[in-house]
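*Asks:* The structure under discussion is supplied below as structure tokens; questions concerning it will follow.
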Amino acid sequence: MALYRILEIYFHLRTKKRVEYKLHYLPGKKKIKNCCLTVLVVHDSDTEIPFLQGVNILMKVPALKDGSFTLAESIAILLYLARKFKTPDHWYPSDLQKRARVDEYLSWQHVNILWREICKNQLPLPPEKLESVTEELNIVLNQFEEKFLQDKPFIAGSEVSLADLVALVELMQPVGAGYDLFEERPKLAEWRRQVEEAVGKQLFQEAHEGILNAKSLTADKIILNHRLMPYSTKNSLHS
Amino acid sequence: SGLQIFADRTEEFRKVNILMKVPALKDGSFTLAESIAILLYLARKFKTPDHWYPSDLQKRARVDEYLSWQHVNIRGKGSKLFLTKVLLPLLTGQPLPPEKLESVTEELNIVLNQFEEKFLQDKPFIAGSEVSLADLVALVELMQPVGAGYDLFEERPKLAEWRRQVEEAVGKQLFQEAHEGILNAKSLTADKIAPELLEHFKHQLLKQAS
């Protein structure tokens with residue numbers, strides 16, 4: 001169950017829009033008095049967010065607050081949650097070499113991913129820029145296929161891990177912007193299929209409804225979508 | 001054995017910093033790239049003292065947080081300054097326009113402020129009271145702009161004190177040896193750099209300029 005929440009949080013991280021903030025409450029495994037875990041994933045840039053200021057001097061999302069402990073950086077948050085909630089081993093394998101593969105991808109992806117840039121623009125890119133951006137993206141995708149996937153089903157080997165999750169969620173960004181990078185890349189498409197299957201196809205679809213409809217999204221629709229999500233601020237989660 | 005690991009690491013970093021080579025590890029048939037992944041692998045494999053990558057959940061998270069943030073910030077801006085100041089004139093054969101140096105320096109200063117305010121705060125080290133991989137990675141990256149002739153510690157006493165403490169924790173002589181290369185970067189000439197590396201730098205600089 002905790003894994004579901006981790007995934008949901010991560011999906012929400014990538015569907016972030018600057019509209020309103022949303023808090024998720026996760027119960028700890030033990031009932032500790034006054035313990036609540038919150039992850040702030042979106043924020044309204046126009047209003048003061050005391051929470052965010054207290055949590056993160058960089059005023060960045062996502063941000064995590066666990067009691068008095070605060071944490072920024074989505075990768076650090078993912079790892080923290082995986083450890084804290086002791087998720088199944090394959091997400092961050094204890095095997096030294098498999099774990100190294102995950103670390104390797106998580107490190108490389110920071111500077112090599114351009115599709116965040118593509119998606120920041122809600123407007124379509126001018127044609128001349130689209131070509132060079134696509135070209136850069138294709139270089140990175142080739143590297144991804146040749147270096148990180150090779151002939152394995154997943155980045156770490158035979159099982160899905162945080163690396164695949166992070167990778168696929170990033171790759172959905174240009175797809176949401178109208179560039180189907182899976183179309184002419186069967187290996188990548190197959191990998192995607194397998195990650196979705198490992199995560200749960202329905203969950204994946206729900207989480208990406210937001211990003212896949214990004215182009216037609218307006219502010220009121222985003223707020224509505226968030227209210228429909230299973231975990232809201234109103235329901236505290238006690239499973 | 002902790003020191004030996006560090007020596008190996010700094011040797012890698014020396015190579016990375018002076019020639020921008022991508023570090024790679026080979027352990028039997030297992031190969032690994034990305035300096036952060038390599039460091040973590042070595043720390044785990046050789047079971048280095050806990051403080052390098054603390055088992056405490058929150059201290060470890062602090063290290064992860066820095067290691068994540070630093071890619072585009074300290075490392076990104078530090079290497080940008082190094083590339084711009086040292087390599088761009090070598091590649092173009094022209095002296096560096098002062099406004100260009102000013103703007104990359106300003107970018108670096110912004111992240112240095114963030115580093116001091118967010119990651120150090122009033123603690124001696126990033127994870128708290130003990131040195132970790134985060135401090136090591138941070139300091140090694142900060143030596144790049146220093147090697148380019150920009151003494152960023154000069155007007156930042158907190159940062160200078162932190163540096164002193166990291167060097168002490170690591171071992172001052174070892175540190176000096178490791179950075180001989182980068183500290184002599186200013187005397188680098190184009191012929192000392194392999195042609196394919198020059199091409200790589202050109203590509204990087206163009207990317208950053210756009």
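Bear in mind these aren't lab numbers, they're just calculated from the coordinates by the rules spelled out. Everything numeric here is computed off the predicted structure, so don't read it as measured data. Here the Cβ is made from the backbone with ideal geometry for all residues, glycine too, and neighbour counts use every protein chain on show.
*Asks:* Kindly provide the chymotrypsin sites (Phe, Trp or Tyr not before Pro) of segment A:129-160 that DSSP labels as loop, not H, G, I, E or B, and whose Cβ sees at most 14 other Cβ atoms within 10 Å.
*Replies:* In loop regions of segment A:129-160 (DSSP not H, G, I, E or B), there are no sparsely surrounded chymotrypsin sites (Phe, Trp or Tyr not before Pro).
*Asks:* Calculate, in nm to one decimal, what A:PHE85 and A:GLN97 gain on full extension: separation in residues at 0.36 nm each, minus their alpha carbon distance.
*Replies:* 2.1 nm
*Asks:* Among the listed pairs B:LYS59/B:LYS158; B:LYS80/B:LYS123; A:LYS187/B:LYS59; A:LYS65/A:LYS152; B:LYS26/B:LYS77; A:LYS147/B:LYS77, which have their C-alpha atoms separated by more than 32 angstrom in this model?
*Replies:* Pairs exceeding the cut-off: A:LYS187/B:LYS59; A:LYS65/A:LYS152.
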